[in-house]
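For reference, the structure discussed in these notes is given below.
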Amino acid sequence: MLFTDKKHRFVFLIALVIFFLATLAELFLIRTVLEKNAIRNARSAFIFLEARIGAYLETLRLLPQVPEYLQDLAWLTDELQGQPSLVGVLVKEGNSVLLDTFPEGFFNLPPEVFEKCRQGLMMNEVYFYCGEFESVPNRRLFLLVGIDLSYEHQVFKEAVILTLLIFLTGGVLLGLAFYYVDRLSRRQEELERRLSASEKLAAMGKLSAMIAHEIRNPLNSILMGLQYMAEMGELSPEVLQTIRQEAERLTELTGELLSYTKGFEIHPEPVSVRQLLEELKLKLLPRAQIQNIDFQVETVPDIVLHLDRRWVLRALENVIRNAFEAIGKDGHVWLRVEERPQEVVFLIEDDGPGIPQKDQEHLFEPFFTTKDSGFGLGLYLVRKVVEAHGGRVEVDSRKGRTVFRLVFPKPHI
Ligand code: ADP
């Protein structure tokens, strides 16, 4: 597709249509000018001939004796040959023909010519014009002139070819101009999006650092205080254990928040893929049941990968939860593992509504979300986790079928 932006496509089409109409208007104008020119030529030839022949006949009338050869108007033929655009002249009085210079003779002229020539008639590259002699009132003389239009036709044909060439070149240039405008505006949008995302990330980074600082330090003090109380026998070891676990979880959480923005530090260890899947199944099955989703986890031959177990679990969980949320109620989600020679792929497939094409390229950008209460950090985290392991994320989506592939490299033995 030449233009990604619908608005640009629409404006380009409008511009092209306007250009095309202007081209047609130009051709129409050229044709009208040429036609008017032919009509003017025919009328002025008519007026000239009428005056010339009328004056001659009037002279003959005044002469006492006129020799036979002078009464024949044929001598005018030579004079008329000096006018190259004149195809022929016919002078009639009643049924007798006084002059006929048409190449084929007036008997070969189609009857239509005589029916319509008074208004002017365009026929086979000839313009016919006729009328009665007004300059010889006592006689009913009829004059017909034919003007050659082949030059005008040739000029018009050349104008059509030239105009078409101009239209094609103009169309291509217009297309190119719009293509570059479209590309530039796409790039600008992309830059603006990245800028705003990185601004948000920077703000979040600061916030996270603040939270980490503000929470961790008091937490340490609390832990130390608790330790002291336990040693003094004021706190049972069980209660201390519970409080410590919760406090550690909080510390861990602040750490996670920091890594969203600061980048990952992963600590890979050998992880059994089968166990990973079992854990996910246990954790997410209750959620699936609430939403009446058939969550199927494939049993796989045991593969051991070098992964940061905690982060990879989080990433897989994010993708599966997204699938659940996309489905809403009643549907299927499949979690499978595919072993390739160099890689191991986690496939998460769902039969939810699918992801619109225009959203697919932004899925992994931070803060991209279509949900009212979403943060748009889930898939961003997924990509970061997978890439930190040297892998990649792929997505295929159409209506009713979405597949996310988290591809991890196999450890080198
Ligand atoms: P959040 O869940 O906060 O919106 P995510 O980064 O996890 O952020 O997801 C980004 C967007 O990707 C979601 O808002 C949703 O529109 C889309 N998405 C992700 N997974 C799916 C899926 N399986 N089906 C349809 N849309 C999805």
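The values are calculated or read from the model by the stated rules, or taken from the named source; none is laboratory data. Fair warning: this is a prediction, and the values are worked out from it, not measured in the lab. No Cβ is skipped: glycine too gets one built from the backbone with ideal geometry, and neighbour counts run over all protein chains shown. SASA here: full protein model, heavy atoms, side chains in, ligands and nucleic acids out. Shrake-Rupley method; radii C 1.70, N 1.55, O 1.52, S 1.80 Å.
In this structure, ALA315 does not satisfy being at pLDDT 95 or above and within 12 Å of the ligand (Cβ to nearest atom). Being surrounded by 14 or more Cβ atoms within 10 Å (Cβ to Cβ) and in contact with an Asp or Glu (Cβ under 7 Å, 6 or more places away or on another chain) is a property that does not hold for PHE167.
Every listed requirement among (1) open to solvent by less than 10 Å² (accessible area, probe 1.4 Å); (2) modelled with pLDDT of 95 or more is met by LEU280 save one, (2). The set of residues in segment 382-396 that are within 20 Å of PHE367 (Cα to Cα) and either crowded, with 20+ Cβ neighbours inside 10 Å or at pLDDT 95 or above (or both) comprises VAL382, LYS384, VAL385, VAL386, ARG392, VAL393, GLU394, VAL395.
Which of the residues that make up segment 171-213 are touching a Phe, Trp or Tyr at 6+ places or on another chain (Cβ under 6 Å) and either β-branched (Val, Ile, Thr) or farther than 20 Å from PHE367 by Cβ (or both)? Even if it seems obvious, please write down each step before you answer.
In the first step, residues of segment 171-213 are kept if they are touching a Phe, Trp or Tyr at 6+ places or on another chain (Cβ under 6 Å); the result is 178, 182, 197, 200.
Across segment 171-213, the qualifying residues are PHE178, ASP182.
Filtering segment 377-388 for residues that are in contact (Cβ under 8 Å) with a residue 24 or more places away in the chain, more than 16 Å from ASN318 (Cβ to Cβ) and more than 7 Å from the ligand (Cβ to nearest atom) leaves an empty set. Counting only residues that are modelled with pLDDT of 90 or more and touching a helix residue (DSSP H, G or I) at 6+ places or on another chain (Cβ under 7 Å), segment 148-165 holds 5 of them. Counting only helices (runs of 4 or more DSSP H) wholly contained in segment 270-371, the ones carrying 3 or more residues that are in contact (Cβ under 8 Å) with a residue 60 or more places away in the chain occupy 309-327. Screening CYS117 on (1) at pLDDT below 85; (2) within 29 Å of HIS153 (Cβ to Cβ) shows it passes everything except condition (1).
The set of residues in segment 123-138 that are touching a residue at least 40 places away in the same chain (Cβ under 8 Å) and exposed (fewer than 14 other Cβ atoms within 10 Å of the Cβ) contains only GLU134. Among the criteria (1) of a type in the set (A, V, I, L, M, F, W, C); (2) open to solvent by 70 Å² or more (accessible area, probe 1.4 Å); (3) modelled with pLDDT of 95 or more, the one PHE404 does not fulfil is (2).
Residues GLU26, GLU35, GLU50: which one is under 17 Å from TYR127 (Cα atoms), modelled with pLDDT of 85 or more and not basic (Lys, Arg)?
Values: GLU26 fails: under 17 Å from TYR127 (Cα atoms); GLU50 fails: under 17 Å from TYR127 (Cα atoms).
After ruling out the rest, the residue left standing is GLU35.
Of the residues making up segment 326-362, those that are among the small types (Gly, Ala, Ser) and either more than 8 Å from the ligand (Cβ to nearest atom) or open to solvent by 30 Å² or more (accessible area, probe 1.4 Å) (or both) are ALA326, GLY328, GLY331. If I ask for residues that are closer than 21 Å to HIS332 by Cα and open to solvent by 70 Å² or more (accessible area, probe 1.4 Å), which ones from segment 371-381 would you list? Listed by number, the list holds a single entry, LYS371.
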